[in-house]
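Visitor: Have a look at this one.
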Amino acid sequence: MKFYVTTPIYYVNDRPHIGHVYTTTIADIVARFHRLCGDEVFFLTGTDEHAAKVVDSAAEHGVTAQQWADENALAFQETFAKLGISNDDFVRTSQERHKVKVQQYVGELLKTGDVYLGDYEGWYDAGQEEYLPENKAKEYEFKSPINGKPLVRKKEKNYFFRLSKYSDALLKLLEERPEFVHPDVRRNEVRNRIREGLNDVPISRAGASEWGISVPGDAEHTIYVWIDALFNYLSTVDTDERRKFWPADVHLIAKDILWFHAVIWPAMLIALKRELPRQVYAHSFWISEGQKMSKSLGNFIDLEKIDRYVANFGLDALRYFLGRYGPLGINDSDFAEARFNEVYNAELADKLGNLVNRTLTMIQRYRSGLVPEPYDKALQAEAEKTVATYRDGMNRLEFVGALEALWGFVVRSNQYVEESAPWKLAKDPALARQLDGVLYNLAESVRLISVLVAPFMPTIAGQIRTQLGIADKMDLLDVEISWGRLSSGTKIGPVAPLFPKRT
Ligand code: MSP
């Protein structure tokens, strides 16, 4: 099966921070899981470049908008590469391949009458690049709800998208396909807002496009940056080789941009008679050390801090922390150093690291480093139950459930060491078969765990397998999960701690 996963495309004006890294990392975990399942995956991320403020910042820095965008897009690309993100493409909205398609889509909408020229009078939040209707502007006291700057009064000729025409279709969509917006709370928010009534939305700003994409046939109008940006999901795969990937299986975003993804985007796709994405998944936010991240508080988890965590704990520990404690649900999550330390020690070093290390050390000590013969199947049933819960969790983007099941199995395997006390069995030659069996079961658990942690911790997974003496490249999940695949006689590799203790 094909599987298409996307992240938001990030504003090129910002430097990458933990928020961008988070959404892209969870998309990476999802992509790796589906590859492991044998799906043909297309994983897309990229940058959103045509915001008006890019022109301003470029001018402040004495460069052209394109140069400024190039420089900052590169920072995102380099960051994601450094973090081992396995995206299949990186789209930039200033690329020709994207611009041509956006003009084509808007052209189609002009033809169907879903886009028309009208008069706009209202408010604009320049920092957010967002038009606000009168009632919203009033509610926010005519200040940006995000940065507190005064909203700008706008009166101009604009092209509009006939969003009002689609409110029944959207309500029907949410009714018939409840999985379209996740989590449930977010779907209810969207539904309630649609019920309040939908206005047509401006999709252009007046002015020739020195930076941006012009409305086809009218160079005096530039396509509004949000409309331009949403089309990235389609434009990138709208080629002969990639068309099979549409519709997207999941658009991963945070709750801040839900409206655009759950309302405007599907309405435009309905108007274009394109298939709709299967799901928009809106997660919550990271806060830092108990407070909203802000530049003035100095608690931003920026690139420098991320680099420090990676240097101290390893990239995979960061990925684990993001996957296990991140805001995939409806609550915000706190990125706190003390907590990170605690998780590293308790869950990674003491549980997973310890299980792998003691298993391999005992095979070295008692069996000269050769995996012995199986004897019974003491851990098999639990292993199979773990796999089932894990799979189900991963398919539903419930990482916590998946990881809890997996760590439950790690804990169970550690308990099994205590219960079966191999050091006692080793003292009695008459119990040699039993000792073989215990060591085999542990080695097989470790092998299975290496497979299931792989989407979260690909490097650690490889290290576990190398230490176990098996190929770090894996087969498909269905094959890997069959109990007993590990061959007796396998010579284990050099043993080293996976998670050196930190304080
Ligand atoms: N360019 C638009 C998106 C267009 S998509 C067609 C945009 N860009 S952004 O750079 O502001 O990125 C917003 C996204 O970054 C959020 O939706 C989320 O995925 C991620 N995050 C930004 N801050 C975040 C946190 N503090 N916590 C978690 N993720 C957050 O909006």
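Visitor: Within the stretch 223-238, track down each residue that is out of contact with any Ser or Thr (no Cβ under 7 Å at 6 or more places or on another chain) and in contact (Cβ under 8 Å) with a residue 60 or more places away in the chain.
Guide: The first filter runs over the stretch 223-238 and keeps only residues out of contact with any Ser or Thr (no Cβ under 7 Å at 6 or more places or on another chain), leaving 225-227, 230-231, 234-238.
The answer is Val225, Trp226, Ile227, Phe231, Leu234, Ser235, Thr236, Val237, Asp238.
Visitor: Only residues that are within 16 Å of the ligand (Cβ to nearest atom), of a type in the set (Lys, Arg) and either closer than 15 Å to Ala338 by Cα or in a loop (DSSP other than H, G, I, E, B) (or both): list them for the stretch 285-321, please.
Guide: Taking the stretch 285-321 and keeping what is within 16 Å of the ligand (Cβ to nearest atom), we get 285-303, 305-306, 309, 318-319, 321.
Then keep just the ones that are of a type in the set (Lys, Arg); that gives 292, 295, 305, 319.
Passing the criteria: Lys292, Lys295, Lys305.
Visitor: Now for a different question. Return the residue satisfying two criteria in turn: it lies in the stretch 10-59 and is within 9 Å of the ligand (Cβ to nearest atom), open to solvent by 20 Å² or more (accessible area, probe 1.4 Å) and in a strand (DSSP E or B), and of such residues it is farthest from Arg205 (Cα to Cα).
Guide: Among those residues, the one meeting the criterion is His17.
Visitor: Shifting gears a bit: For the stretch 97-209, please list each of the helices (runs of 4 or more DSSP H) lying entirely inside it that holds at least 3 residues being at pLDDT 95 or above.
Guide: Numbers: elements: 134-139, 167-176, 184-195.
Counting at least 3 such residues, we get 167-176, 184-195.
Visitor: Of all residues in the stretch 248-277, which are assigned to a loop (DSSP other than H, G, I, E, B) and either open to solvent by 10 Å² or more (accessible area, probe 1.4 Å) or away from the ligand (no atom under 15 Å from the Cβ) (or both)? I'd like the intermediate steps shown before the answer.
Guide: Just the residues of the stretch 248-277 that are assigned to a loop (DSSP other than H, G, I, E, B), to begin with: 248-249, 272-277.
Asp249, Leu272, Lys273, Arg274, Glu275, Leu276 - these are the residues of the stretch 248-277 that are assigned to a loop (DSSP other than H, G, I, E, B) and either open to solvent by 10 Å² or more (accessible area, probe 1.4 Å) or away from the ligand (no atom under 15 Å from the Cβ) (or both).
Visitor: Another question about this same structure. Which condition number does Ala282 fail, the rest of (1) part of a helix (DSSP H, G or I); (2) surrounded by 18 or more Cβ atoms within 10 Å (Cβ to Cβ) being met?
Guide: (1)
Visitor: Let me ask something else. Go through (1) open to solvent by 20 Å² or more (accessible area, probe 1.4 Å); (2) in contact (Cβ under 8 Å) with a residue 12 or more places away in the chain; (3) in a helix (DSSP H, G or I) one by one and return the number of the condition Ala346 breaks.
Guide: (2)
Visitor: Considering only residues of the stretch 210-246 that are assigned to a loop (DSSP other than H, G, I, E, B) and small (Gly, Ala, Ser), which is farthest from the ligand (Cβ to nearest atom)?
Guide: At the first step, the residues of the stretch 210-246 found to be assigned to a loop (DSSP other than H, G, I, E, B) are 210-213, 216-217, 224, 231, 236-242, 246.
Restricting the remaining residues to those that are small (Gly, Ala, Ser) gives 212, 217.
On the way: Gly212: 14, Gly217: 24 Å.
Here the residue is Gly217.
Visitor: Anything in the stretch 451-490 that is outside any loop (DSSP other than H, G, I, E, B) and either touching a Gly at 6+ places or on another chain (Cβ under 8 Å) or of a type in the set (Val, Ile, Thr) (or both)? List them, or say none.
Guide: Kept after step one, since they are outside any loop (DSSP other than H, G, I, E, B), are these residues of the stretch 451-490: 451-453, 458-468, 477-480.
Answer for the stretch 451-490, where residues must be outside any loop (DSSP other than H, G, I, E, B) and either touching a Gly at 6+ places or on another chain (Cβ under 8 Å) or of a type in the set (Val, Ile, Thr) (or both): Val451, Val453, Pro458, Thr459, Ile460, Ile464, Thr466, Gln467, Leu468, Leu477, Asp478, Val479.
Visitor: Of all residues in the stretch 230-261, how many are under 19 Å from the mean Cα position of the chain (by Cα) and of a type outside the set (A, V, I, L, M, F, W, C)?
Guide: The number of residues fulfilling the criteria is 9.
Visitor: Residue by residue through the stretch 360-381, note down the ones that are over 21 Å from Pro494 (Cα atoms), assigned to a loop (DSSP other than H, G, I, E, B) and of a type in the set (A, V, I, L, M). Step through it out loud before you land on a result.
Guide: Residues of the stretch 360-381 that are over 21 Å from Pro494 (Cα atoms), as a first pass: 374-381.
From what's left, assigned to a loop (DSSP other than H, G, I, E, B): 374-379.
Within the stretch 360-381, Ala378, Leu379 qualify.
Visitor: So, one more: I need the full set of residues from the stretch 225-247 which are open to solvent by less than 10 Å² (accessible area, probe 1.4 Å) and within 24 Å of Asp125 (Cα to Cα), in order please.
Guide: Val225, Ile227, Asp228, Ala229, Leu230, Phe231, Asn232
The values are calculated or read from the model by the stated rules, or taken from the named source; none is laboratory data. These numbers come from a predicted model, not from an experiment. Glycine also receives a Cβ, built like all others from the backbone with ideal geometry; neighbour counts cover every protein chain displayed. When the accessible area is computed, the model is the full protein with side chains, heavy atoms only, and any ligands, DNA or RNA have been set aside. Shrake-Rupley method; radii C 1.70, N 1.55, O 1.52, S 1.80 Å.
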